[in-house]
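Throughout, read-outs are computed from the coordinates displayed, never taken from laboratory work. Just so you know, these numbers come straight off a predicted model, no measurement behind them. Cβ sites come from the backbone with ideal geometry, for glycine too, and all protein chains shown count toward neighbours.
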Amino acid sequence: MSYQDHITATNKLIRSYNGTWDGISAESVARMRLQNRFKSGLDIARYTAAIMRKDMAAYDADPANYTQSLGCWHGFIGQQKMISIKKHFGTTKGRYLYLSGWMIAALRSDFGPLPDQSMHEKTSVPALIEELYTFLRQADARELGMMFRDLDAARAAGDQVKEKAMMAAIEGYQTHVVPIIADIDAGFGNAEATYLLAKKMIEAGACALQIENQVSDEKQCGHQDGKVTVPHEDFLAKVRACRYAFLELGVEDGIIVTRTDSLGAGLTKQIAVSQTPGDLGDQYNSYLDCEEIDPKTARNGDVILNRDGKLLRPKRLPSNLFQFREGTGADRCVMDCIASLQNGADLLWIETEKPHIEQIAGMVDRIREVVPNAKLVYNNSPSFNWTLNFRQQVYDAWVKAGKDVSKYDRDRLMSVDYDDTDLGAEADERIRTFQRDAAKRAGIFHHLITLPTYHTAALSTDNLAKEYFGDAGMLGYVKNVQRAEIRQGIACVKHQNMSGSDLGDDHKEYFAGEAALKAGGVHNTMNQFAAE
């Protein structure tokens with residue numbers, strides 16, 4: 001319903017109560033309804049799933065239409081990202097939020113900082129989704145509230161042109177609510193546990209769940225050693241559990257992102273069950289590091305595979321884990337991705353050890369031979385040393401092209417000495433265009449940075465502490481924080497407004513009329529920023 005439709009319908013309802021509801025303003029009700037457009041997390045999940053599906057179709061038509069997101073560990077951080085995006089670009093189109101399991105473990109657990117090993121409380125995942133959307137919805141209410149005030153001011157001034165413009169802006173309002181791609185790790189248990197957690201995450205508003213093929217109780221960060229994968233059938237049971245959760249809750253176009261850690265995972269906990277030669281179990285087992293044995297040499301407790309008439313003994317480590325052959329990671333990634341797409345996944349995630357377009361594209365080309373519209377979500381990870389990686393890529397390309405690299409030391413390319421060199425400039429340009437180029441060449445639909453605000457919070461806090469507790473004192477805050485906020489138009493400089501004080505004043509006026517005791521009067525110190 002439009003703003004005016006809400007007013008008309010509510011006026012009719014008020015009149016039907018024969019004067020007993022005359023203290024209610026139909027326009028105030030209309031405003032509150034627009035400020036609370038989404039009544040539940042499921043409303044949000046359905047709305048945002050449709051956005052992602054539309055964006056995926058747009059990418060299929062033209063890979064220039066890739067999407068992006070930044071990771072969040074608090075509702076306020078997610079809110080400020082979307083406010084900034086609307087301020088700078090005028091639209092949230094193609095920009096999402098990412099919910100990182102790493103940041104929940106490090107920053108949200110009751111146990112204190114934890115490594116990314118699924119040791120944190122799984123309930124903290126849906127809780128953060130709900131928190132993010134609470135803050136995004138509040139951003140809508142705040143911004144619309146300011147628009148309503150501008151509308152009232154235009155009416156009071158008799159400025160019909162401004163009034164008409166404000167009405168059009170209200171009717172065409174774009175919400176801060178965007179899709180969240182939410183990390184469910186390896187499912188926090190068996191398939192039933194995955195299903196139960198997926199339901200909670202969807203009910204909180206998640207339209208996209210990212211699940212990885214590691215063993216749940218051996219789960220490691222994607223950029224650490226010791227990763228252990230599971231056979232495909234075990235993983236696909238969890239993928240189906242997520243789909244059942246979406247369908248049960250009526251989010252029929254929910255998105256499942258299947259992540260493979262096989263490129264860096266050299267271990268498995270289980271030998272896959274195989275019914276027929278060439279099935280998924282047989283393919284999984286074919287990459288095991290085995291030795292052919294004579295049946296007479298079989299030892300007590302040996303696991304023996306029969307392949308093509310040969311008896312093979314997989315190498316088993318003291319940890320009771322089995323080892324894959326070295327150099328098989330890319331092949332296993334391709335197999336993982338094809339199996340996922342053929343069994344209900346919508347998007348892929350290949351965890352790599354470096355940001356290298358041709359490495360990713362080499363695997364995607366093979367996947368697309370089987371599934372032509374395969375698309376990736378890619379982790380533009382802070383675990384990569386982007387400067388060093390890309391300078392080394394440029395160095396290697398120059399060597400291959402026969403260019404003189406005598407003034408560069410490949411092992412020292414991170415040095416500030418190379419910041420203003422031709423090599424440094426070319427590397428920076430490759431970093432700048434990485435997302436665009438990878439979207440076109442390597443099938444990457446969505447680029448995200450998992451942990452950006454973890455690092456920005458640490459960096460900005462370090463800078464403030466150095467200044468404030470040093471010689472600069474209060475100037476360290478005023479010059480580098482508040483003055484910068486004012487000059488850059490950061491909404492949070494009026495922190496009372498951002499926290500909802502003006503929204504509360506509006507409601508007080510709705511409820512009590514002229515008797516309302518409002519916080520935003522002439523003595524509110526936030527008025528010192530009114531001129532900015």
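Structural remarks
- Look at the dipole of the chain built from charges on Cβ: of SER340, MET1, PHE384, the Cα furthest out on the positive end belongs to MET1.
- For segment 468-513, average projected area of the Cα convex hull in nm²: 4.2
- Interatomic Cα distance distribution for segment 339-450, bins of 10 angstrom, percent: 13, 40, 28, 14, 4, 0
- Ordered by the number of other Cβ atoms lying within 10 Å of each residue's own Cβ, fewest first, THR20, THR134 fall into the sequence THR20, THR134.
- Simple spin-label estimate for PHE511 and ALA330 gives 6.4 nm between the two label positions (7 Å along the Cα-to-Cβ direction from each Cα).
- For segment 245-250, putting each phi into the Karplus relation 6.51 cos²θ - 1.76 cosθ + 1.60 with θ = phi - 60° gives couplings of 4, 4, 5, 4, 8, x Hz, in residue order, rounded to whole numbers and with x for Gly and Pro.
- Extension gain, ASN300-LYS315: 0.36 nm per intervening residue step, less the Cα-Cα distance, totals 4.0 nm.
- Efficiency of FRET between GLU192 and VAL399 - r from beta-carbon atoms, R0 41 angstrom, step 0.05: 0.15
- Near VAL228, the amide H atoms lying under 5 Å from its own belong to VAL215, GLN220; only residues 5 or more places off or on other chains count, and H is placed 1.01 Å from N.
- Across segment 15-31, rounded Karplus estimates of 3J(HN,Hα) from the backbone phi angles (6.51 cos²θ - 1.76 cosθ + 1.60, θ = phi - 60°) give 5, 5, 9, 6, x, 6, 10, 5, x, 9, 8, 4, 5, 5, 4, 4, 5 Hz, Gly and Pro being marked x.
- Pair GLN275, LYS39: separation of 7 Å Cα→Cβ label points (nm): 4.5
- Residues ASP437, ASP336, ranked from the fewest to the most other C-beta atoms within 10 Å, line up as ASP437, ASP336.
- Our coupling estimate for segment 85-92, obtained by passing each phi through the Karplus curve with A = 6.51, B = -1.76, C = 1.60 and θ = phi - 60°, is 4, 5, 5, 7, 10, x, 8, 9 Hz, Gly and Pro reported as x.
- Placing dummy labels 7 Å off each Cα toward the beta-carbon, the span from ARG410 to ALA165 is 6.0 nm.
- Radius of gyration and maximum dimension Dmax of the chain, Cα, Å: 27.7, 99
- Other-chain or far-sequence residues with amide H under 5 Å of ALA208's (modelled H): ILE180, ALA182, ILE255
- The calculated FRET efficiency for MET119 paired with PHE469, based on their beta-carbon distance and R0 = 45 Å, is about 0.85.
- Measuring nothing but how far apart in sequence close Cα pairs (under 8 Å, 6+ apart) lie, relative to its length, segment 216-339 scores a relative contact order of 27 percent.
- Residue separation of LYS518 and ALA484 scaled by 0.36 nm, minus their Cα-Cα distance, works out to 9.3 nm of gained length.
- Shape summary of segment 99-217, radius of gyration then Dmax from alpha carbon positions: 20.6, 67 Å.
- Amide H to amide H distances under 5 Å link THR67 with HIS446, HIS447, where only residues 5 or more positions off or on other chains count and H is placed in the peptide plane.
- Entry note, the chain: the mean residue ellipticity at 222 nm calculated from DSSP H runs of n ≥ 4, each adding -39500 (n - 2.57), is -15000 deg cm²/dmol after division by the residues and rounding to the nearest 500.
- Look at where the Cα atoms of segment 1-63 and of segment 458-489 average out, and the two centres are 41 Å apart.
- Using a Förster distance of 22 Å, the FRET efficiency for ARG155-ASP5 (Cβ separation, nearest 0.05): 0.70
- Each residue in PHE148, PHE235, PHE445 was given a count of other beta-carbon atoms within 10 angstrom of its own, and listing them fewest first yields PHE148, PHE445, PHE235.
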